[in-house]
1. Per 0.36 nm of contour for each residue apart, how much would the distance between Leu250 and Phe30 grow if the chain were fully extended, relative to their Cα-Cα spacing?
2. Leu135 to Leu179: FRET efficiency via 1/(1 + (r/R0)^6), r the Cβ-Cβ distance, R0 22 Å, to the nearest 0.05?
3. Between Val119 and Glu42, what is the spin-label point distance in nm, taking each point 7 Å from the Cα along the Cα→C-beta axis?
4. Please work out how much length the chain gains when fully extended from Phe172 to Arg204, using 0.36 nm per residue of separation minus the C-alpha to C-alpha distance, in nm with one decimal.
5. Would you calculate, for the chain, the mean residue ellipticity at 222 nm contributed by helices, counting each DSSP H stretch of 4 or more residues as -39,500 (n - 2.57) and dividing by all residues, to the nearest 500?
6. Return the long-range amide H neighbours of Val62 (sequence gap of 5 or more, or a different chain), with a cut-off of under 5 Å between placed amide H atoms.
7. Expressed as a rounded percentage, what relative contact order does segment 148-263 have, with Cα pairs under 8 Å and six or more residues apart?
8. So for Glu232, Glu174, Glu24, Glu217, fewest C-beta neighbours within 10 Å to most, what's the order?
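Please treat every number below as a calculation from the coordinates, not as lab data. Model, not experiment: these values are computed from the prediction. Note: ideal-geometry Cβ built from the backbone for every residue, glycine included; neighbour counts use all protein chains shown.
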Amino acid sequence: MTLPTVRTPLQVTFSVWKALLLREALGRLFSARGAWFWLFAEPVFHMAYMLVIFSVVRVRHVGGIETPIWLMVGLVAFFMFRQTGTQGSNGISANRALFTYRQVKPVDTVLVRSALEAVLLLCVMVITMTGLGLLGLDALPANPLIVLQAFFALWLLGLGYGLVISVVSELFPELDRILAFAMMPLYLISGVVFPLSAVPQPYRDWVMLNPVAHGIEATRLGFSPYYHAVPELSLPYLFACVLVMLLTGLVLHRRFAQRLVAA
């Protein structure tokens, strides 16, 4: 008689992540007609209308970088944080039915959604860079290590945001609307569509309290060593914010685990 195979907790966790990843990927790319198209089209449309505006005012370089590259890097870097955080924060509500299986924990849904979003956004970036390269622009980063560091930090920041908000929004459902409004000013003060070096002191010191701005500036600096990054740029500050956000999110998930499943 063959005894049943006993899986370790780590094997169970990886099996759960694999199943969730397949489920989320199918839902994200094929849940509606053309869902995969809009995933790639959103940053392209953002970049296109901003390019029209910059072309009207005849701005061909921003901070020492060609305008299309400057915009592409800023948009994808910001989306790395925003999309990761938004998708992760909705992980619990979108997968609540799966919590009837005791192997599936609320934190698993946030982690898997965030990982999927990172893969999709990297694909978007590669396709966009290829398109700009075909147009004759130098779309390859001068220092890929800095770019990867900045993207990884922004992804971790988005993951931490998703962990925190996924719990807080379950406790206070009205918070979702407030955070949706907050994303627009964050989009502006992160330097996505205008150079932070144009912000005078002492206001720039206040703007640079925003960790997303550090990630975007570092990414642009990684693409071009000639980029005029603000002197306040600090990757250690960004990673410190990441650590605080991740620890806060994990503690909240640990503290309210039973309530999240029972809600």
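1. Numbers: separation 220, 0.36 × 220 = 79.20 nm, distance 3.06 nm.
Contour length minus the Cα-Cα distance gives 76.1 nm.
2. Numbers: r = 36 Å, r/R0 = 1.65.
Once the sixth-power term is evaluated, E becomes 0.05.
3. The answer from the label model is 1.8 nm.
4. On the way: separation 32, 0.36 × 32 = 11.52 nm, distance 3.26 nm.
Fully extending the segment from Phe172 to Arg204 adds 8.3 nm.
5. Details: 11 runs with 188 residues, N = 263.
The helix contribution divided over the chain gives -24000 deg cm²/dmol.
6. So Val62 has HN proximity to Thr67.
7. Details: 98 pairs, mean separation 50.3, N = 116.
For segment 148-263, the relative contact order is 43 percent.
8. Details: Glu232 17, Glu174 7, Glu24 20, Glu217 29.
The order, fewest Cβ neighbours first, is Glu174, Glu232, Glu24, Glu217.
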